[in-house]
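Reading through the structure tokens given below for one structure.
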């Protein structure tokens, strides 16, 4: 499991700023959070806990929701065929031929979920450049896989949740 280098609490002004940024993207619910902590994994990798729940990941200043964050249900979603699943779970980016359903509005840089036909959340991904060109051409890499089931972030989130609910 990934080693936690540092754990610290955020100041109230940093919490406000973070919540504002996350709410703008739909990554958090509009509730009040008293305790926000950061688990630093590497210099540019952090998991952010809200009341002990691992809800956000920050990678090189890019903020994304974790797969255990209930708010991902409201994000744009791409569905993939069964053949794409093993590759996605190994960290591969998502190619157009594996996508069977996509949101009506797709913009470069948007954060979206990747789901199986059975509606299981598989990954959090970022839309790459010229998405509609690639979809129309029916080829190419459309989504950058940022966080997927069974990656180091997911495993750490699950272990945090197990400890949290053991109490």
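Computed from the coordinates by the stated procedures, all read-outs in this text should not be read as laboratory data. Small disclaimer: the values here were computed from a predicted structure and weren't measured. Every residue, glycine as well, gets a Cβ built from its backbone with ideal geometry; the counts of neighbours run over all protein chains shown.
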> For the range 95-104, does any single residue satisfy the condition of being surrounded by 14 or more Cβ atoms within 10 Å (Cβ to Cβ) and under 14 Å from the mean Cα position of the chain (by Cα)?
Replying inline: no
>> Tell me yes or no: at least one residue of the range 30-51 is within 18 Å of residue 145 (Cα to Cα) and surrounded by fewer than 12 Cβ atoms within 10 Å (Cβ to Cβ).
In response: yes
>> Looking only at the range 19-29, filter to residues that are within 19 Å of residue 59 (Cβ to Cβ) and touching a residue at least 40 places away in the same chain (Cβ under 8 Å); which one of those is surrounded by the most Cβ atoms within 10 Å (Cβ to Cβ)?
In response: 27
>> Based on this model, can you work out whether residue 164 counts as loosely packed, with under 14 Cβ neighbours inside 10 Å, in contact with a strand residue (DSSP E or B) (Cβ under 9 Å, 6 or more places away or on another chain) and in a helix (DSSP H, G or I)?
In response: yes
> Would it be correct to say that residue 138 is exposed (fewer than 13 other Cβ atoms within 10 Å of the Cβ) and without any contact (Cβ under 8 Å) to a residue 12 or more places away in the chain?
Replying inline: no
>> Taking the condition of being closer than 17 Å to residue 121 by Cβ and within 10 Å of the chain's Cα centre (by Cα), how many residues in the range 45-68 meet it?
In response: 8
